[in-house]
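What follows is a single structure, written as C-alpha cells, with notes after it.
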Amino acid sequence: MKTPLPGRPVRGSRSGVPVMALFDLLGRSWAMGIIWHLNEGPGNFRKLQAYCEDVSPTTLNTRLRELRESHLIELTPRGYQLTAMGRELFVLLEPLGAWSKKWAREFNNDV
C-alpha cells in the first residue's frame, strides 16, 4: 500500500485531493497515536512500540515510514520527532481531541 500523498489516488478520492490524502493517512492504524505521542518529544522505536501497546513491529515500521514520507516526522539522533509540518498538524488536531470528548459525553460516555 502506497503512502497517501496529495495528488495520488487515495481512499475516497481518485484525484488525491489533499484533505482526503491526509484523512487516509491519519486514518491508518496508529498514525494519530504516533503523532500525538511525538508531540511530547522524540521517541525511539522501542518507546513508540511500548506506547502503541499491541502494534506489531511491521505495522509500526510501515506507519513510521509513511509519516516520514509525508514529511510529518523525521528520524534524528534523539529518535523520531515531529517536523515543523507535524507540529503544525498537531496544533490543528488538538482541538479535535477536546471536541471529541464533548461529543462522547453526548453518548453518556465518561471520557
Legend entry - Scope the stretch 73-100; condition under 12 Å from the mean Cα position of the chain (by Cα) and of a type in the set (Gly, Ala, Ser); matching residues: Gly86
Inset, instruction - Please work out if Leu75 is in a helix (DSSP H, G or I) and either under 19 Å from Met1 (Cα atoms) or aliphatic (A, V, I, L, M) (or both). - result: no
Legend entry - First in the stretch 21-50 and farther than 23 Å from Leu5 by Cα, second anywhere and surrounded by fewer than 15 Cβ atoms within 10 Å (Cβ to Cβ) and hydroxyl-bearing (Ser, Thr, Tyr), Cβ under 7 Å, 6 or more apart: Pro42/Thr76
Legend entry - helices (runs of 4 or more DSSP H) lying entirely in the stretch 29-71 (those with 1 or more residues that are hydroxyl-bearing (Ser, Thr, Tyr) and either surrounded by 15 or more Cβ atoms within 10 Å (Cβ to Cβ) or in contact with a helix residue (DSSP H, G or I) (Cβ under 8 Å, 6 or more places away or on another chain) (or both)): 45-51, 57-69
Inset, instruction - Being aliphatic (A, V, I, L, M), outside any loop (DSSP other than H, G, I, E, B) and over 15 Å from Trp30 (Cβ atoms) is the filter here, so list the residues in the stretch 83-111 that pass it. - result: Ala84, Met85, Leu89, Val91, Leu92, Leu96, Ala98, Ala104
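Read-outs throughout are calculated quantities, based only on the coordinates presented, and are distinct from any laboratory measurement. Remember, it's a predicted structure, so these values are computed and weren't measured experimentally. Glycine also receives a Cβ, built like all others from the backbone with ideal geometry; neighbour counts cover every protein chain displayed.
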